[in-house]
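Presented below is the structure to which this report refers.
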Amino acid sequence: MAFDIDMIKAVYSQIGEKIDAARKVVNKPLTLSEKILYSHLHADQNLESFERAKSYVNFAPDRVAMQDATAQMALLQFMQAGKKQAAVPSTVHCDHLILAKEGAKEDLKSSLTASGEVFNFLESVSNKYGIGFWKPGAGIIHQVVLENYAFPGGMMIGTDSHTVNAGGLGMVAIGVGGADAVDVMAGMPWELKMPKMIGVKLTGKLNGWTAPKDVILKVAGILTVKGGTGAIVEYFGEGAKSMSCTGKGTICNMGAEIGATTSTFGYDESMERYLKATGRADVAEAANAVKEHLTGDDEVYANPEKYFDEVIEIDLSTLEPHINGPFTPDRATPVSKMREEAEKNGWPTKVEWGLIGSCTNSSYEDLTRAVSIAKQAIDKKITAKSDFGINPGSEQIRFTVDRDGILQVFEDLGARIFTNACGPCIGQWDRAGADKKEKNTIIHSFNRNFSKRADGNPNTHAFVTSPELVAALAISGDLGFNPLTDTLTNADGEQVKLDPPSGFELPEKGFDVEDNGYQAPAEDGSNVEVKVAPDSKRLQLLTPFEPWDGKNITGMKLLIKAKGKCTTDHISMAGPWLRYRGHLDNIADNTLTGAVNYFNDATDSVKNQLTGEYGAVPATQRAYKDAGIPTIVVGDHNYGEGSSREHAAMQPRHLGVKVILVKSFARIHETNLKKQGMLGLTFANEADYDKIQEDDTFDFLDLDQFAPDKPLTLSVKHADGSEDTIKVNHTYNDQQIAWYKAGSALNLIKEKEKA
Ligand code: F3S
């Protein structure tokens, strides 16, 4: 299942027919993104002309990728579905839980000790259910996917926001929450609102110091961190064809930083070269046979204004290298303006660290271009003023660049080679002195630079740029250094200039690797035992949620009436709680601790109606549960906005909350509640929110007649003996009511699987 040419051929065998049918229904030429979406409709979904930004559509992605932090709950849930194998090819990648400190060898060893039980669990569950497993040290999910699995015209989801990286190889690849991955692995349809389409026309050709990274840094400056929300960004034009496949990957990767659903490029010769270089000549051959379907229609690219919702044009020939930051990836500054900007804003100009790598920029081309600068520094007797850290994207890349002497040059410059993993990109950087919280500047080739992201220090000013510019600025030790015009003083006191970088798109001697870190699953996993220690603090096997008994729920106490914003972070905080993502009972101790109690304006302080005392939300809820008393949570507008984290729905369910009643829901959270067998309801009359008091008790009057399009009625009994009867709406369809009855969507799948 690892290198699934048969699956790809099956996709290509129908692609032309499906696209022709879609073109007829839509009645206009199609963008590449539309071709991929329309050719991946789920069998349950009727073909119609879907309205962008309006229609909800059921898709059937070709594959699923998961990283170690998010895979835990996804796979624990998948185990509940009663399936023998994942319904589509799927992989797990151990990359987030690996520290960067001393260097690859030592760091990998200590991470295996610290998170060994999580890795062992992921390995055993992958083995059992036919899921490919990439061991710690094998590489970063998106680089490994690009090297092994991405294919033009394919559709993929992944439990990480930078899944979008695979757009560099012509996919529609979308970052999702664990619950979505479970749906697809269980063979259920995957729902997405039909995205808007943003077209980016690239003319000219990159030259000198400018790299593909500068295209997305420029686009981020134009569109800002929200500008791509709900849209697919599709790149086209001669400039797009002139760039390497991995360069396209970099551009798509950082589409996440403008909030885009995903980004993609049409199939071209750079992709063909990359597929062949990474051992997939068969995929290239299959793609060549259907290549007219793997790019947008000619008319679309000839008159983009007619077919895209927004069009941006960038001339690569005149594009200047950019440095974005600090603290936000859309603060774009051309390299020539950086000194002025830094001085104006009081940013420290001494560069302490230069970090190269991450899923964004760790290709052979990136590393060879960066090393060409490092080599010049050595040859021209310039000593690097900053520390260097390198995170290769995969073992295949690491092995190849080691073979080609590239790592040695970095090491000669004093660089530390970290594990092929996320490390400093996700706060897993044990940086000496970071706890002193000093104001300082670092420069890296990653994608995100929010406060504290790299080393936990809120005063670290992180700037994002291309690997070659990271190398130049780290060597100079000066954020204001412009290698296009400025000189450096060498060991002999001479003024020397760095020449523009040069590199290789692909290794001349081909890629090489001894052990790529992949572990294929068992052919028949039925006897494989999933490893979870019963006393584990980080992992806990799930027990199925109880089915509904068909009766009206009565005697529900108010747990909390949340005031104002209540995002998934307020419901299930991140930060230190991340380590419990695979342990529902432990992570449930953060449930709703960030929500503001309407009655005292405090967080994590609610009245326990049984004792009259105030206590933490989770503890109070556990007390109700122990007493066998059901509860209800009341909330404001857009309850559950933020991430698609399924924990925010699972935790209240696990603790015994029966109903979430709000003015309005964020749609993904509402769906997550339904999947977990919870009741997510809205006030028919928003003003009824004001009627809810601290000591209220709720009874359903007609839940026993739960049916689509039929509002429900709640009797709300107040402490003074008065009572209000309120109408509440719901959006459950027949299928979702069946989930509710079964206790959860997964329970229902399991029932069907047994039948
Ligand atoms: Fe890892 Fe950073 Fe990419 S956390 S997946 S290297 S964005």
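Once the cut-off is 18 Å, how many percent of the Cα-Cα pairs in region 186-230 end up in the long-distance tail? Roughly 49 percent, rounded to a whole number.
Taking all Cα-Cα distances within region 434-556, those exceeding 18 Å account for 77%.
In region 356-414, Cα pairs under 8 Å separated by at least six residues give a relative contact order of 50 percent. Along its first, second and third principal axes, ordered by size, region 186-301 spans 48, 39, 30 Å in Cα coordinates. Of all aspartates and glutamates in the structure, the ones whose alpha carbon falls short of 12 Å from that of K193, not counting any fewer than 8 places away in one chain, are E51. From least to most packed, judged by other beta carbons within 10 angstrom and beginning with the fewest, S49, S664 follow the order S49, S664.
For region 489-555, the Cα-based Rg and Dmax, in that order, read 29.9, 87 Å. Counting only residues at least eight positions apart within a chain, or on another chain, the lysines with an alpha carbon under 20 Å from that of K9 are K18, K35, K276, K291.
With the radius of gyration and the Kirkwood radius both derived from the Cα set of the chain, what is their ratio Rg to Rh? Please report the intermediate quantities before stating the final value.
Numbers: Rg = 26.7 Å, Rh = 27.1 Å.
A ratio of 0.98.
Helices that extend 24 Å or more along their long axis by alpha-carbon positions and average at least -0.5 on the Kyte-Doolittle scale are, among the DSSP H runs of the chain, 5-26, 104-128.
As an exercise, identify the trypsin sites (Lys or Arg not before Pro) in region 210-290 lying in DSSP coil whose Cβ has no more than 16 other Cβ atoms within 10 Å. The partial results should precede the final answer.
Numbers: sites: K213, K218, K226, K241, K248, R273, K276, R280; in loops: K226, R280.
In loop regions of region 210-290 (DSSP not H, G, I, E or B), the sparsely surrounded trypsin sites (Lys or Arg not before Pro) are K226.
Principal axis analysis of the Cα atoms in region 525-656 yields extents of 53, 36, 26 Å, listed in decreasing size. Taking the centroid of alpha carbons for each part, region 626-658 and region 494-516 are 52 Å apart.
Overall, region 556-754 carries a charge dipole of about 780 debye about its Cα centre when +1 sits on the Cβ of Lys and Arg and -1 on the Cβ of Asp and Glu, all other atoms neutral.
Once the convex hull of the C-alpha atoms of region 635-732 is built, how many Å³ does it hold per residue, rounded to a whole number? Kindly include the intermediate steps, with their values, before the conclusion.
Working: hull volume 9.7 nm³, N = 98.
That works out to 99 Å³ per residue.
Ellipticity at 222 nm from helices only: DSSP H runs of n ≥ 4 in the chain, each -39500 (n - 2.57), divided by the residue count, give -9000 deg cm²/dmol. Quick note on region 38-185: its Rg to Rh ratio, both from C-alpha atoms and Rh being the Kirkwood radius, is 1.02. The magnitude of the dipole of the chain, with charges of +1 and -1 set on the Cβ of Lys/Arg and Asp/Glu and taken from the Cα centre, is near 640 debye.
Shape analysis of region 285-377 yields a ratio of the Cα radius of gyration to the Kirkwood radius, Rg/Rh, of 1.10. What aspartates and glutamates does K752 reach when the alpha-carbon gap must be under 20 Å and sequence neighbours fewer than 8 apart in one chain are set aside? By straight Cα distance, K752 reaches D44, D180, D183, E546, D549, D734.
Given that compact globular proteins tend to follow 2.2 N^0.38 Å, what is the ratio of the alpha-carbon Rg of region 7-51 to that value?
Working: Rg = 10.2 Å, N = 45, 2.2 N^0.38 = 9.3 Å.
For region 7-51, the normalised Cα radius of gyration is 1.09.
The relative contact order of the chain comes to 13 percent, based on Cα pairs under 8 Å that sit 6 or more residues apart. Going by neighbour counts of Cβ atoms within 10 Å, the residues Y274, Y639, Y580, Y689 line up, fewest first, as Y689, Y580, Y274, Y639.
Need one number for region 231-273: average projected area of the convex hull over its C-alpha atoms, nm². Walk me through the numbers on the way to the answer.
Working: hull surface 11.1 nm².
So the mean shadow area of the Cα hull is 2.8 nm².
Over region 556-754, with a single point scatterer placed on each C-alpha, what log10 of the ratio I(q)/I(0) does the Debye formula yield at q = 0.16 1/Å? Here log10 of I(q) over I(0) equals -1.02. The orientation-averaged shadow of the Cα convex hull for region 317-426, equal to a quarter of the hull surface, comes to 8.1 nm².
What's the longest piece of the chain with no exposed GluC sites (Glu not before Pro), counting a site as exposed if DSSP puts it in a loop and it has at most 14 other beta carbons within 10 Å? Please report the intermediate quantities before stating the final value.
On the way: sites that count: E48, E51, E102, E438, E494, E508, E514, E523, E529, E613.
Longest stretch, sites excluded: 103-437.
Counting beta carbons within 10 Å around each of V26, V335 and listing the fewest first gives the order V26, V335. Calculated translational diffusion coefficient of region 560-638 (25 °C, 0.890 mPa s; Stokes-Einstein with Kirkwood radius over alpha-carbon pairs) equals 189 µm²/s.
Each reported figure results from applying straightforward, stated rules to the coordinates on display, with no laboratory input. Nothing here was measured: the structure is a model prediction, and the numbers come from that model. Reconstructed Cβ throughout: ideal geometry from the backbone, glycine too, with neighbour counts over all protein chains shown.
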